[in-house]
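The structure under discussion appears below in the form of structure tokens.
Just so it is clear, none of the values below were taken in a lab; they were calculated from the coordinates. Note that the coordinates shown come from a computational prediction; the quantities given were computed from them, not determined experimentally. Here the Cβ positions follow ideal geometry from the backbone for every residue, glycine too, while neighbour counts run over all protein chains shown.
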Amino acid sequence: MKKNSSNKNNKSGESLGVRVKKDLKRNYSAYLLVLPVLVFYGVFAYKPMYGAIIAFKDFSPRLGILDSPWTDLYGLKHFLSFFQSYYFGRILKNTLVISFSTLIFSFPAPIILALLLNEVRNRRFKKAVQTISYLPHFISLVVVCSLITMFTSHNGMIVDFLSVFGFETNMDLLNNKKLFVPIYVISDIWQKIGWDSIIYIAALAGIDQEQYEAARIDGANKWKQMLHVTLPGIAGTIILLFILRIGQIMNVGHEKIILLYNDGILETADVISSFVYRRGILESNWSFSAAVGLFNSSINFLLVILANKISKKFSGTGLW
Amino acid sequence: MTGSKIKDSAGYRIFTIFNYLFLTFIAVVTLYPIYYVVMASFSNADALSLHSGILIRPLAPYSLEAYKRVFQNALIMSGYKNTIIILLAGLCFNLVLTAVGAYFLSLKDVMFRNVIAVLILFTMYFSGGTVPVYLNIKSLNLMNSLWSLILPAAINTYNLLIMRSAFAAVPDSLVEAARLDGATHFKILKDVMIPLCKATLAVMVLYYGVAHWNAWFNASLYLQTADKFPLQLILRNLLIDNSTSGMTGVMDADDAVRFAEMIKYALIVVSSAPIIILYPFLQRFFTKGVMIGAVKG
């Protein structure tokens, strides 16, 4: 957001009260319009934030949020018991492993795709590949995950295919805890490579053609043009998105995990968000999982702020 | 140096060939799972269970049996109906609230705009968490009601910002002129902004529409009775949890095993068809949203 609120009233040196009054008089219809939006954010975003104080309480639905008693240890009981539990290390590790694996493999993939598409001169071919590659973005997660489950089952397409190369198994691949992360990451690339490439394709289209012309005149071949014109041209976009992605490093969404994992592979598949879901919603450990969730969202928030600061420093742009 | 083009080197020509091959490979890998499902759904159940490896065309004798069963299933049909209700009612809330919110954020001369903008942006990066959000819905008495899927999803802040960028791009002079004529903000939004930003509004319809169509998680949290389930939740129960119990009445036990696979494929086709069929025609709107989103104001 820009900080450009050039309030005309500022100049007249009136008191705050007078200015507020004038503003309300002038813009009451705007405030009236935005009122339902404020109610929405109040009820569905800020009220649950207030509700997050149950992380410091022993919440019981009968007593309600306000009257439930604070926990021992200055309200930190649930946090401490989480940090001391066996699960803390496990879900933290899994979250980071999955996050870094997608960062290493899924992040560069759309950049490579965009660069390759950029070298295609046949417009029709380019358009066709683009259209096809965006498609998985629109297929529902439930369908994507059921495709994954079916194809990786012991008689599924992928196992059939792998058997050509001598890989034989009579086990569903998703029951093998070593394979969860690869399956998660490969399918993540399949889902996102096209859609995430749009922004790079746009950045590539924004590179001044005269730069290529100049490079050609200087005798640069295609490789050199790629190295000295194309890559610098999209470096800003890459850096910005990379930093923002780092800000999400502790944030692995629960939906895909929940759809893919099973009790046998929790050791590698359970992440913070899925743990919160299981403990909180399925087992009704309200306060404990609210504490785990609050711990996670606080870290995520700090990371985003940090990422934004770094991004502003390096590229001059950030999220806000 | 003359202006004549430097000829592509041999290396680059080889690269070009591999590039085309590789991109074709990407396209095939992307499309093939979907293609496989469609082909499998029309195949013969027994032939399919014996088959292994790739599938180029449906396995004869072709059969519409799976589709017949899917369409005869009351649960699936009610899932379709619920999804459409949620989609239509949800879109009404989405469009109205997103438009007014975005319009407000695009105003330049309003004192509390920045405060409100910060409050809204903050929610993108911090939330109460799964459990408090769930308890909130409970305390609002929205459990087991379709409203629990419509109201909390009324505004997606990311979409709100896309819409705001579009409104902010409308020349100030138009807004000022309308203001001088004594138009209220409501009238400016309705008569000036929205007609000028129809394309972005179409983007909103698509983004929110796809999100409603594909949503399942909140439904699994808030809805208790199967007759209210949207399509995706029913799909999840049938496809992933393998609870084909929902299929009873349509299948006896032997059939259930025989047709389970087929029915899964047909279900995937039936549930994804609307989006996949519409997608090629609407693609440019979808990508437009990414561009607007990328250009921040």
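Per Stokes-Einstein, at 25 °C and 0.890 mPa s, what whole-number D in µm² s⁻¹ belongs to the stretch B:73-294, with the Kirkwood radius over Cα pairs as the hydrodynamic radius? Value of D from the Cα-based Kirkwood radius: 124 µm²/s.
Dipole magnitude of chain A about its Cα centre, charges +1 at Lys/Arg Cβ and -1 at Asp/Glu Cβ only, in debye to the nearest 20? Please report the intermediate quantities before stating the final value.
On the way: 33 positive and 20 negative charges, 325 e Å.
Roughly 1560 debye, rounded to the nearest 20.
Taking the Cα centre of the protein assembly as shown as origin and charging only Cβ (+1 Lys, Arg; -1 Asp, Glu), how large is the dipole, in debye to the nearest 20?
On the way: 55 positive and 34 negative charges, 468 e Å.
With only Lys, Arg, Asp and Glu charged at Cβ, the dipole is about 2240 debye.
Using C-alpha pairs below 8 Å separated by at least 6 residues, the relative contact order for chain B is 29 percent. Computed from the alpha carbon positions, the gyration tensor of the stretch A:85-201 leads to an equivalent ellipsoid with semi-axes of 29, 20, 13 Å, biggest first.
P(r) tail for the stretch A:197-320, what percent of Cα pairs lie past 27 Å?
On the way: 3486 of 7626 pairs.
Within the stretch A:197-320, distances greater than 27 Å cover 46 percent of Cα pairs.
Dipole of the protein assembly as shown computed with +1 at Lys/Arg Cβ and -1 at Asp/Glu Cβ about the Cα centre; of B:Val290, A:Val20, A:Val181, farthest Cα towards the positive end is A:Val20. For chain A, the longest piece that avoids every one of the trypsin sites (Lys or Arg not before Pro) found in DSSP loops with at most 13 other C-beta atoms within 10 Å covers A:179-320. For A:Lys127, a cut-off of 19 angstrom between C-alpha atoms picks up these aspartates and glutamates, skipping any fewer than 8 places away in its own chain: A:Glu119, A:Asp196.
Membrane-span-like helices in chain A, defined here as complete DSSP H runs extending at least 18 Å along the helix axis by their C-alpha atoms with mean Kyte-Doolittle hydropathy no lower than 0.0, are A:16-41, A:86-105, A:180-205, A:231-246, A:286-315; this is a sequence and geometry rule, not a statement about a membrane. Could you give the length gained by full extension between B:Tyr62 and B:Ala211, i.e. 0.36 nm per residue of separation minus their alpha carbon distance, to one decimal place? Length difference between fully extended and current span is 50.3 nm.
Considering only DSSP states other than H, G, I, E and B, which GluC sites (Glu not before Pro) in the stretch A:165-244 qualify as loop sites with at most 16 other Cβ atoms within 10 Å?
Filter output for the stretch A:165-244: A:Glu168.
When the C-alpha to C-alpha distance is required to be over 31 Å, the pairs from A:Lys126/A:Lys224; A:Lys47/A:Lys309; A:Lys47/A:Lys178; A:Lys25/A:Lys312; A:Lys57/A:Lys178; A:Lys25/B:Lys190 that qualify are A:Lys47/A:Lys178; A:Lys25/A:Lys312; A:Lys57/A:Lys178. Net charge within 13 Å of B:Leu75 by Cβ-Cβ distance, Lys/Arg positive one each and Asp/Glu negative one each, not counting B:Leu75 itself? Its environment carries a net charge of +3. Convex hull volume per residue, computed on the Cα atoms of the protein assembly as shown, equals 199 Å³. Enumerate the aspartates and glutamates that B:Lys187 could reach by cross-link, defined here as Cα to Cα under 18 Å, with residues fewer than 8 away along the same chain left out. Within reach: B:Asp109, B:Asp172, B:Glu176. GNM on chain A, alpha-carbon springs under 10 angstrom: the most fluctuating residue among A:Ser274, A:Ser153, A:Ser99 is A:Ser153.
Between the helical axis of B:74-106 and the longest alpha-carbon principal axis of chain B there is an angle of about 20 degrees. Computed over neighbours whose Cβ is under 13 Å from that of B:Phe167, the net charge equals +4, Lys and Arg +1, Asp and Glu -1.
Roughly how big is chain B's charge dipole about its Cα centre, with Cβ charges of +1 (Lys, Arg) and -1 (Asp, Glu), in debye to the nearest 20? Don't skip to the end; give the middle numbers.
Numbers: 22 positive and 14 negative charges, 163 e Å.
Dipole about the Cα centre, nearest 20: 780 debye.
Place a point 7 Å from the Cα of A:Thr317 along the Cα-to-Cβ direction; which residues of the stretch A:179-217 have their backbone N under 15 Å from it? Within reach of a label on A:Thr317: A:198-208. As a rough footprinting exposure proxy, the listed residues B:Tyr134, B:Tyr32 were ranked by other beta carbons within 10 Å of their own, and the order from fewest upward is B:Tyr32, B:Tyr134. Only one residue of A:Leu306, A:Gln84, B:Val133 has its Cα farthest out toward the positive end of the dipole of the protein assembly as shown, where Lys and Arg carry +1 and Asp and Glu -1 on Cβ, and that residue is A:Leu306.
Put simply, the C-alpha atoms of the stretch A:9-56 give a gyration tensor, and the ellipsoid matching it has half-axes of 33, 16, 6 Å, longest first.
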